[in-house]
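Accompanying notes for the structure given below.
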Amino acid sequence: MTRPQGASEPGTAPDDSTLAGYFDVHDRPPAYDGPDGHPYTVSLEVEKTVNLRAPYAGYLVFPRWAETGVGIVGHVETPTLVECASQEEATERLGRLTLLEVQGLLVDAIRRKLEGEVE
């Protein structure tokens, strides 16, 4: 019998302390209040690059939501966080980030944007 995605082993509690675990357990991205007062969610992004040794680069994008929650009104993103041999490896490595690490990356991305750094 196959366990559904996000289901934990019998006798264990679901682990939603990592980005991948949160997606599996809650079937949605985690939400954060940014230090700029705006609500954000997070998306894992992987792009193909020209680097033959590590042709996939992964980073996070943080969509900024309208105060009403009706739509996305902007975003911030991290620089490249992982460079990997496959898309699956990049996604898996990004998914290992803890929710606390992701929150720190959001704070850094907002700080860079407020300081006028190019992303």
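The values are calculated or read from the model by the stated rules, or taken from the named source; none is laboratory data. Please read all numbers here as calculations on a predicted model, not as lab measurements. Cβ placement follows ideal geometry from the backbone for every residue including glycine, while neighbour counts extend to all protein chains displayed.
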>> Residue pairs, Cβ under 9 Å, 6 or more apart or interchain, first in segment 85-109 and free of Cβ contacts under 8 Å to residues at least 24 places away in the same chain, second assigned to a helix (DSSP H, G or I). List them.
In response: Glu101/Leu19
> Are any residues in segment 79-88 touching a Gly at 6+ places or on another chain (Cβ under 9 Å) and assigned to a helix (DSSP H, G or I), and if so, which ones?
Replying inline: Gln87
>> Where the second residue is modelled with pLDDT of 95 or more and the first is of a type in the set (Gly, Ala, Ser) and lies in segment 20-33, which pairs have Cβ atoms under 6 Å and are six or more apart or on separate chains?
In response: Ala20/Gly95; Ala31/Thr41
>> I'd like the full set of residues that are under 14 Å from Leu81 (Cα atoms) and assigned to a loop (DSSP other than H, G, I, E, B), limited to segment 48-67.
In response: Thr49, Ala54, Pro55
> Can you find even one residue in segment 66-80 that is exposed (fewer than 13 other Cβ atoms within 10 Å of the Cβ) and of a type in the set (Asp, Glu)?
Replying inline: yes
> Where residues in segment 1-34 are of a type in the set (Asp, Glu) and at pLDDT 60 or above, which of them is surrounded by the most Cβ atoms within 10 Å (Cβ to Cβ)?
Replying inline: Asp24
> Looking at this structure, is Tyr40 at negative phi, crowded, with 17+ Cβ neighbours inside 10 Å and over 13 Å from the mean Cα position of the chain (by Cα)?
Replying inline: no
> Taking Tyr59, is it surrounded by 16 or more Cβ atoms within 10 Å (Cβ to Cβ) and out of contact with any Asp or Glu (no Cβ under 6 Å at 6 or more places or on another chain)?
Replying inline: no
> In the list Val76, Val102, Val107, which residue meets the criterion of being part of a strand (DSSP E or B), of a type in the set (Val, Ile, Thr) and either touching a Phe, Trp or Tyr at 6+ places or on another chain (Cβ under 7 Å) or at pLDDT 95 or above (or both)?
Replying inline: Val76
